[in-house]
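S.K.: This is the structure I have questions about; it appears just below.
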Amino acid sequence: MDRAMIRSRLVEIVGADGVLDDPEELLVYEYDASDEVFAGHHRPDFAVLPRTAEQVSAVVRLANEFGIPVVPRGAGTGLAGGALALRGGIVVVVTRMNRILEVNEQDGYAIVEPGVINLELTQVLQPRGYFFAPDPASQRACTIGGNVGNNSGGPHCLKYGVTTNHILGLEVVLPDGERIWTGGPVPETPGVDLTGVLVGSEGTLGIVTKVMVRLTRLPEAVSVLLAAFPDIESASHATSAIIAAGMLPAALEMMDQLTIKAVEDAFHAGYPREAGAVLLVELDGLQEIVAENTSRVAELCRQHGAWEVRVARTKEERDLLWLGRKSAFGAMGRLAPNYYLVDTTVPRTKLPATMRRVEELSREYRLSIANVFHAGDGNLHPLVLFDRQRPGEVERVLECTTEILRYCVDAGGTLSGEHGIGFEKRDYMTLVFTTEDLCAMAGLKRSFDPRELFNPEKVLPTGFRCGEVAALRQQAIAQRLGLEYV
């Protein structure tokens, strides 16, 4: 690679202030928010910060010309190693593409660039009576482009759905540098749903340069309840009872005692320290219905063992309760030097048994595990606490988290509820998908990216590189037919 020549070409495209290649400047791009103990650090050859879709397209064409890997990156808040440059190359950082280009209230959409911060979009929309519903815990920092890449969720996806439910169309730079639009403001478009294919593809199929998001109306009324339970099991049963009663809260979150203590020490959010678990329940909608459902939820919580149910009386009190929930991961530093966050999902009715299994694994592997998660849709986030300096502890963490994932898959769940697969979970994909399933995914990847230059080594497990797909498919067919494949 002629680095000097490539750098000169990149400077021509984005300007000198948009190209980083000094090792000290690249240091921040060696990581994302995943734990470096497990994900490692991977230095790209260049980090490029374009300001327009045209510049992104030109950078990709240059990379394609020289066979250089391309890794799309937003704010770097991803937790699965999805923004790591595992094979070096060019990291395309879209944070300077941060304009809200259009808000169309009549047709119910906005067009934004991928570097727009999630929370800032809602802050712009709220005075108009709208909001952007997906709200990851990192919403103060994460970008809309990153949300699209990972199909992000958040507490309010229980009622409103994950990112894919709020994306109407995309402008995308494909791996050959071509720019296309998918979808649009009308409810349905003919042909293959390319928007649905691209949302959640984790930067392996293209770089999003514009996003058409769906506007969601602000509800007339909002109510937030905090219910304190003696243990996680009783809180889990209350969760199922609330949904079974025909109510669909905007959010239904759970935290265990270990998490409660860390959050209270850090933020004094008003959670009862003596509770074995708490439910944070948000209801929204019409004033009369919210008032009625608030009473019903409170009664169901009491019937299932809640010894305290408190309704937030002011917006400030609601915001403080949510601050505690959304800052829980950051509070873990009060409990241990390191933590490994597991993102997995089980059917809601399997929550009690799953949490019992997590507790058993905590004892078996001699590791403290804090739990804070989206109880309403069974999206678990066990936080395995450890100290990387203690001999053998990292190995125990890996064994423990693998057992958690295996149990959740066997219980009818899946590998990730919202954080994506990335580099972290790619080799666990065989727990969920057959060889033929994975070959189909690899074939789709190849149709977009035949040279495997876009975010390589992500999502698909080792052995499913494009050149190996045909042989793996033949092997799977032979096995199904009972034949020996040579």
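Nothing in this text is a laboratory measurement; each read-out follows from the coordinates by a stated rule. Quick caveat: nothing in here was measured; it's all calculated off a predicted structure. Note that each Cβ is placed from the backbone with ideal geometry, even for glycine, and that neighbours are counted across all protein chains shown.
S.K.: If contacts are Cα pairs under 8 angstrom and at least 6 residues apart, what is the relative contact order of the chain in percent?
M.R.: 14 percent
S.K.: Further, regarding this structure: Tally Lys and Arg at +1 and Asp and Glu at -1 over the other residues with C-beta under 10 Å from the C-beta of E113: what net charge comes out?
M.R.: Numbers: positive: R51, R96, R99, K210; negative: E171.
Once positives and negatives cancel, what remains is +3.
S.K.: What is the dipole size for region 24-174, taken about its Cα centre, with +1 at each Lys and Arg Cβ and -1 at each Asp and Glu Cβ, in debye to the nearest 20?
M.R.: About 160 debye.
S.K.: For the chain, with the dipole built from +1 on Lys and Arg beta-carbon atoms and -1 on Asp and Glu ones, taken about the Cα centre, which of V116, G330, I243 lies farthest toward the positive end?
M.R.: Ranked along the dipole, the leading option is I243.
S.K.: For region 216-321, build the convex hull from the C-alpha positions and give me its volume per residue in Å³.
M.R.: Taking only Cα atoms, region 216-321 has a hull volume of 95 Å³ per residue.
S.K.: Helix 315-326 sits at what angle to the longest principal axis of the chain, using alpha carbons and giving 0 to 90 degrees rounded to 10?
M.R.: 60 degrees
S.K.: A further question on this structure: Label points 7 Å out from Cα along the Cβ direction at D22 and R217: separation in nm?
M.R.: 5.4 nm
S.K.: Moving to a separate point now. What is the Å³ per residue value for the convex hull set by the Cα atoms of region 68-153?
M.R.: Given the Cα convex hull of region 68-153, per-residue volume reads 95 Å³.
S.K.: Tally Lys and Arg at +1 and Asp and Glu at -1 over the other residues with C-beta under 12 Å from the C-beta of D410: what net charge comes out?
M.R.: For residues surrounding D410, the net value is +2.
S.K.: What per residue convex hull volume, in Å³, comes out for region 1-112 when only alpha-carbon positions are used?
M.R.: In region 1-112, the Cα convex hull volume per residue is 114 Å³.
S.K.: Cβ under 15 Å from R140's Cβ, R140 left aside: what net charge do those residues give with Lys, Arg +1 and Asp, Glu -1? Each step should come with its number before you reach the end.
M.R.: On the way: positive: R325, K326; negative: E120, D135, D319.
In short, -1.
S.K.: For the chain, with the dipole built from +1 on Lys and Arg beta-carbon atoms and -1 on Asp and Glu ones, taken about the Cα centre, which of V162, A85, V48 lies farthest toward the positive end?
M.R.: V162
S.K.: In degrees between 0 and 90, to the nearest 10, how far off the longest principal axis of the chain does helix 257-267 point, with axes built from Cα atoms?
M.R.: Rounded to the nearest ten degrees, it is 80.
S.K.: While we're looking at this one, here's another question. Treat every Asp and Glu Cβ in the chain as -1 and every Lys and Arg Cβ as +1, leave all other atoms uncharged, and give the resulting dipole magnitude about the Cα centre to the nearest 20 debye.
M.R.: Around 180 debye, computed over the chain.
S.K.: Tell me which of P72, G305, A411 sits at the most positive position along the dipole axis of the chain, charges placed on C-beta atoms (Lys, Arg +1; Asp, Glu -1).
M.R.: Of the options given, the answer is G305.
S.K.: What length, rounded to one decimal in nm, is gained on full extension from N165 through to V192, with 0.36 nm per residue of separation minus their alpha-carbon distance?
M.R.: Value of the extension gain: 8.0 nm.
S.K.: How big is the charge dipole of region 134-281 about its Cα centre, in debye rounded to the nearest 20, if each Lys and Arg gets +1 on its Cβ and each Asp and Glu gets -1 on its Cβ?
M.R.: 360 debye
S.K.: Here is a further query. Evaluate the distance, in nm, between pseudo-label points positioned 7 Å from the Cα of R363 and of A244 along their respective Cα→Cβ axes.
M.R.: 2.7 nm
S.K.: Would you calculate a helix-derived [θ] at 222 nm for the chain, using -39,500 (n - 2.57) for each DSSP H run of n ≥ 4 and dividing by the full residue count, to the nearest 500?
M.R.: -10500 deg cm²/dmol
S.K.: Which distance in nm do the two modelled labels at R334 and L119 give, with both placed 7 Å along the Cα-to-Cβ direction?
M.R.: Output for this residue pair reads 1.9 nm.
S.K.: Pull up the cross-link candidates among the aspartates and glutamates for K261, meaning alpha carbon to alpha carbon under 14 Å and not fewer than 8 places away within one chain.
M.R.: E274
S.K.: Quote the Stokes-Einstein diffusion coefficient, in whole µm² s⁻¹, for region 163-257, based on the Kirkwood radius over alpha carbon pairs, a temperature of 25 °C and a viscosity of 0.890 mPa s.
M.R.: 144 µm²/s
S.K.: Kirkwood hydrodynamic radius of region 4-46 from all distinct Cα pairs, in Å?
M.R.: 11.5 Å
S.K.: Assuming 0.36 nm per residue, please report the length gained on full extension of the stretch R396 to S327 beyond their Cα-Cα distance.
M.R.: Difference between extended and current length: 22.2 nm.
S.K.: What is the P(r) of region 303-456, as percent of Cα-Cα pairs per 10 Å bin from 0?
M.R.: In order of increasing distance, the bins hold 9, 30, 31, 20, 8, 1 percent.
S.K.: P(r) tail for the chain, what percent of Cα pairs lie past 32 Å?
M.R.: Roughly 43 percent, rounded to a whole number.
S.K.: I need to check one value: relative contact order of region 336-429, counting alpha carbon pairs closer than 8 Å and at least 6 residues apart, in percent.
M.R.: 38 percent
S.K.: What is the extension gain from A440 to E54, computed as 0.36 nm multiplied by their sequence separation minus the C-alpha to C-alpha distance, in nm to one decimal?
M.R.: Details: separation 386, 0.36 × 386 = 138.96 nm, distance 3.16 nm.
Extra length from A440 to E54 when fully extended: 135.8 nm.
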